[in-house]
Amino acid sequence: MCTVVIRVPEAEGPIRMLAVRDEDPTRGWVPLGENWPERPGVIGVRDARAGGAWLAADAAEGRLAVLLNRQSPEPPPGVTLVTRGAIPLDAVAGRPPQPTVATAGFNLVTVDAAGAVIVTWDGVDRTETRIPPGTHMIAHRDLDDTETERIIAWRGPFTAASTEGSDDDWWMPWLDVLRESGGLSPVDARAIVRDNEPLGYPTQTTLLCVASVAPGDLDVKYAQFTEPGHWNTVIPR
C-alpha cells in the first residue's frame, strides 16, 4: 500500500513528488540507479526478483513514473498474473500501459514537463486522468480518496508545507510531515510509514524517493529506512 504525494503548480514551476514504498522486505531490490543496461539513461528502483521497476525516470525524456498497487478482484480462473514491473519502464519511454485481465490492479503516476497523469486499472476498467494543480495524495484507491484514512489525515498538512526551497532541500518540509505521521502506530490506518504484517499482509514501508520535474530538469533522490515499517530519519541522496 504505497503512498504518493504530488504537487502540481498553478503556473510555472516544478512538479514535486514524494513516493513512499511498501513492499515485502524479504523481496530484494536494487536502490535507485542505472539498473537496466538495455535501457541507457533510465534510472530507477529495480525489483531483484522480476527485474522490473517500482519507480523509473529518464532525464533525457524528462519523464518519471511510479507504480502503486490498487485493489482489484482475483483474476479469472486459469489466468496467471503477469509482473507489472515493466509498466513504469514503458511509461518513461512514452508507452502508456494497456493492461489485461492478467494484470493486477495498479495506479500509475507519470510526470513530465507537460504535467502529471494517473492511469488506474482496477482489473476491469482502465481510466486516465490529468492531475490538476494543487497538492494531492494517492494510495491504493483513487486520487485524494475521501475514504483512505492516511489521505484524510495528512493531505492538509502536506498542502500546508512549502516545497519552495532550494534544489538541495525542497523536500524537507514534506519529510517533517512524514516524520510527524511516524508518531502513529505503523498499524494505524492513518499511518503512512506502515507495518502491515499484523494486519495479514507481508508489506512494510522500506524506502522513499523525492522527485522534482520541470522542463529541462528532472531530479530524483532515494532514501532507505534502516528498520522497515518504522519511522527513522532519512536523508534523500
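Suppose we filter GLY52, GLY44, GLY62 for residues that are surrounded by 15 or more Cβ atoms within 10 Å (Cβ to Cβ), under 20 Å from VAL109 (Cβ atoms) and in contact (Cβ under 8 Å) with a residue 60 or more places away in the chain; which single one remains?
Going through GLY52, GLY44, GLY62 in turn, just one is surrounded by 15 or more Cβ atoms within 10 Å (Cβ to Cβ), under 20 Å from VAL109 (Cβ atoms) and in contact (Cβ under 8 Å) with a residue 60 or more places away in the chain: GLY62.
If the requirement is being of a type in the set (S, T, N, Q), under 17 Å from the mean Cα position of the chain (by Cα) and within 20 Å of ALA57 (Cα to Cα), which of these qualifies: THR148, THR120, THR135?
Just a single option satisfies the conditions, and that option is THR120.
List pairs: first in the stretch 13-24 and at pLDDT below 95, second among the aliphatic types (A, V, I, L, M) and assigned to a strand (DSSP E or B), Cβ under 6 Å, 6+ apart or cross-chain?
Taking only residues 6 or more apart or on different chains, not a single pair turns up.
Scan the stretch 209-237 and report the pairs whose first residue is under 16 Å from VAL8 (Cα atoms) and whose second residue is of a type in the set (D, E, K, R), with Cβ atoms within less than 6 Å and a gap of 6+ or a chain change.
Every condition considered, the pairs that remain are VAL210/LYS221; SER212/ARG16; SER212/ASP219.
Within the stretch 25-37, take every residue that is assigned to a loop (DSSP other than H, G, I, E, B) and free of Cβ contacts under 8 Å to residues at least 24 places away in the same chain and give me the one that is surrounded by the fewest Cβ atoms within 10 Å (Cβ to Cβ).
Filtering first and then ranking leaves PRO37.
Touching a helix residue (DSSP H, G or I) at 6+ places or on another chain (Cβ under 7 Å), basic (Lys, Arg) and in contact (Cβ under 8 Å) with a residue 24 or more places away in the chain: does that describe ARG70?
Details: touching a helix residue (DSSP H, G or I) at 6+ places or on another chain (Cβ under 7 Å): no; basic (Lys, Arg): yes; in contact (Cβ under 8 Å) with a residue 24 or more places away in the chain: yes.
For ARG70, the condition - touching a helix residue (DSSP H, G or I) at 6+ places or on another chain (Cβ under 7 Å), basic (Lys, Arg) and in contact (Cβ under 8 Å) with a residue 24 or more places away in the chain - is not met.
Please find, among GLU164, GLU227, the residue that is among the acidic types (Asp, Glu) and within 28 Å of ARG46 (Cβ to Cβ).
The unique qualifying residue is GLU227.
Would you mind listing the strands (runs of 3 or more DSSP E) fully within the stretch 105-219 where at least 3 residues are of a type in the set (A, V, I, L, M, F, W, C)?
Per the criteria, 106-112, 115-121, 204-214.
Taking THR127 and the conditions (1) surrounded by 18 or more Cβ atoms within 10 Å (Cβ to Cβ); (2) touching a Ser or Thr at 6+ places or on another chain (Cβ under 6 Å), which numbered condition does it fall short on, given that it satisfies the others?
The one condition THR127 does not meet is (1).
Consider the stretch 84-96. How many of its residues are assigned to a loop (DSSP other than H, G, I, E, B) and either within 20 Å of THR3 (Cα to Cα) or touching a strand residue (DSSP E or B) at 6+ places or on another chain (Cβ under 6 Å) (or both)?
2
So, in the stretch 76-124, of the ones that are in contact (Cβ under 8 Å) with a residue 24 or more places away in the chain and on the phi > 0 side of the Ramachandran plot, which residue ends up surrounded by the fewest Cβ atoms within 10 Å (Cβ to Cβ)?
Per the criteria, the residue is GLY94.
Name the pairs whose Cβ atoms lie under 6 Å apart, with the first residue in the stretch 151-173 and closer than 16 Å to MET17 by Cβ, the second assigned to a helix (DSSP H, G or I), and 6 or more positions between them or separate chains?
That search, which allows pairs on different chains as well, returns TRP154/SER181; PHE158/VAL177; ALA161/PRO173; ALA161/TRP174; ALA161/VAL177; SER162/PRO173.
Here is a yes/no grid of residues against (1) over 21 Å from PRO215 (Cβ atoms); (2) under 16 Å from the mean Cα position of the chain (by Cα):
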position: LEU55; (1), (2): no, yes
position: ASN69; (1), (2): yes, yes
position: PRO75; (1), (2): yes, no
position: GLY85; (1), (2): yes, yes
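The values are calculated or read from the model by the stated rules, or taken from the named source; none is laboratory data. Bear in mind the structure is a predicted one, so any value in this text is a computation, not a measurement. Don't worry about glycine lacking a Cβ; one is built from the backbone with ideal geometry, like all the others, and counts go over all protein chains shown.
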